[in-house]
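Data first, discussion second: the structure below is written as structure tokens.
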Amino acid sequence: VNIRASLDAGLTYPYLLVADTPNDGTESVVLPGVAGNTAARIMVESTNEFCGVHFFDVSDESFTITAGGDVVAPTAEPDCTAPPPAPQGPFESLSPQRFVDTRPSPIGATLDGLFEGAGKLSAGEEYRVTITGRGEVPVGAKAVVMNITAIATEGVGFVTVHPCVSPLPLASSLNYTPGVNLGNEIVAPLTDTGEVCIYTDDAAHIAVDVVGYVDADSTTEPVTPARFLDTRPDGETFDDIAEKSGKLTDNETVFLPVAGRGSVPVDAVAVIVNVTAVAAERTGYITVDPCAQEVPLASSLNYVTGVNRGNEIIASIDNEGDICLFTSAPVHLTADVVGYLPSGTELSTIAPARFLDTRPAPDGDTI
């Protein structure tokens with residue numbers, strides 16, 4: 001039996017879980033602040049034979065629930081009308097679990113023995129992986145939150161994770177360099193049958209750890225990855241906008257239109273975007289923000305020379321439909337959008353802000 005309470009009778013959800021007791025037990029509950037509040041309500045959810053869901057209007061702080069059958073409350077008989085389904089949050093988080101490891105046993109082990117020990121993927125190879133129905137990812141999920149890692153790579157290259165579409169999307173989920181095992185946490189859209197395809201540009205072992213998923217009823221909308229920005233001389237985007245603009249210089253900001261492009265609606269409040277630093281001339285950082293007057297004290301991606309490095313983030317969109325990308329040192333940038341948050345989503349986005357920096361001044365005042 002789950003016992004949930006709300007101090008607002010006008011709300012069906014959310015109710016705060018205040019007690020959880022077996023179906024053969026008795027639970028006495030005290031709710032401070034309820035006494036005299038005629039709007040307070042109690043919802044009781046049960047898996048046994050008595051009604052399933054109960055609502056009680058309460059005016060006392062304490063009441064008793066006998067889970068085996070009788071319900072004792074300060075007021076009238078329960079209303080057994082089932083509430084509407086609870087709205088799903090943008091993401092459902094999970095304890096990390098390994099879903100893919102191509103390395104040989106015993107290192108290459110997964111939670112269920114599937115998609116393990118397949119061997120290093122060849123250059124240009126695509127690996128199709130089942131996600132839903134494994135571990136705690138339900139059938140019907142529309143995207144998965146995963147940490148994907150490229151291991152023992154043989155050349156400079158990239159990984160593209162996509163919902164098994166053809167042709168391969170013009171986007172990268174992870175960029176890698178020989179001698180460095182690199183990972184990136186991404187939101188990966190799933191096929192209708194709950195799969196993803198993992199393409200690698202060069203030979204590499206791949207490991208995938210799932211840390212969450214996007215439920216079918218979630219407000220988060222995953223999309224097939226698409227390139228929205230590429231500053232390189234031969235760079236291409238899906239719609240020929242924001243391409244070939246040249247390497248950014250010291251302390252430069254690029255305004256990137258995202259709302260109203262591709263699958264992102266004009267009223268989206270944020271995008272899920274993978275930002276990659278390419279051919280950096282020295283150590284530096286990228287800050288992605290909703291085009292504030294001053295660049296926030298925060299970094300979205302840190303990079304070094306000789307390593308193309310990406311990071312996937314949720315970026316707030318400004319009133320003009322743009323996001324801004326600031327770089328501290330000369331670098332090329334690519335940006336691939338993999339999802340968006342629509343207007344009215346439960347997740348509230350804010351401009352980036354630094355909440356922790358263990359370095360002494362002056363470094364602690366810098367990015």
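The values are calculated or read from the model by the stated rules, or taken from the named source; none is laboratory data. Quantities reported herein were computed from a predicted structural model and do not represent experimental measurements. Glycine also receives a Cβ, built like all others from the backbone with ideal geometry; neighbour counts cover every protein chain displayed. These accessible areas exclude ligands, DNA and RNA; they are computed on the full protein's heavy atoms, side chains included. Shrake-Rupley method; radii C 1.70, N 1.55, O 1.52, S 1.80 Å.
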Starting from segment 277-298, take each residue that is closer than 15 Å to LEU256 by Cα and among the polar types (S, T, N, Q) and list its partners that are in a loop (DSSP other than H, G, I, E, B) and open to solvent by 50 Å² or more (accessible area, probe 1.4 Å), counting only C-beta distances under 8 angstrom and pairs at least six apart or across chains. THR287/VAL295
Tell me, which residue of segment 106-138 that is within 21 Å of ILE186 (Cβ to Cβ) and of a type in the set (Val, Ile, Thr) is nearest to the chain's Cα centre (by Cα)? VAL137
Hits in segment 338-348 - residues which are open to solvent by less than 50 Å² (accessible area, probe 1.4 Å) and modelled with pLDDT under 85: THR345
Of the listed residues (THR149, THR193), the one being open to solvent by 20 Å² or more (accessible area, probe 1.4 Å), closer than 27 Å to SER95 by Cβ, among the polar types (S, T, N, Q) and part of a loop (DSSP other than H, G, I, E, B) is THR193
Of everything in segment 229-246, what is assigned to a strand (DSSP E or B) and either within 17 Å of VAL165 (Cβ to Cβ) or in contact with a Pro (Cβ under 6 Å, 6 or more places away or on another chain) (or both)? Give them in sequence order. none
Quick check: is even one residue across segment 340-360 of a type in the set (Gly, Ala, Ser), in a strand (DSSP E or B) and either under 20 Å from the mean Cα position of the chain (by Cα) or under 25 Å from ALA226 (Cβ atoms) (or both)? no
Condition check for GLY140: surrounded by 16 or more Cβ atoms within 10 Å (Cβ to Cβ), at pLDDT below 95 and more than 26 Å from ASP234 (Cβ to Cβ): no
Those residues that are in a strand (DSSP E or B), open to solvent by 10 Å² or more (accessible area, probe 1.4 Å) and touching an Asp or Glu at 6+ places or on another chain (Cβ under 8 Å), I need them from segment 162-190; list them, please. GLU185, VAL187
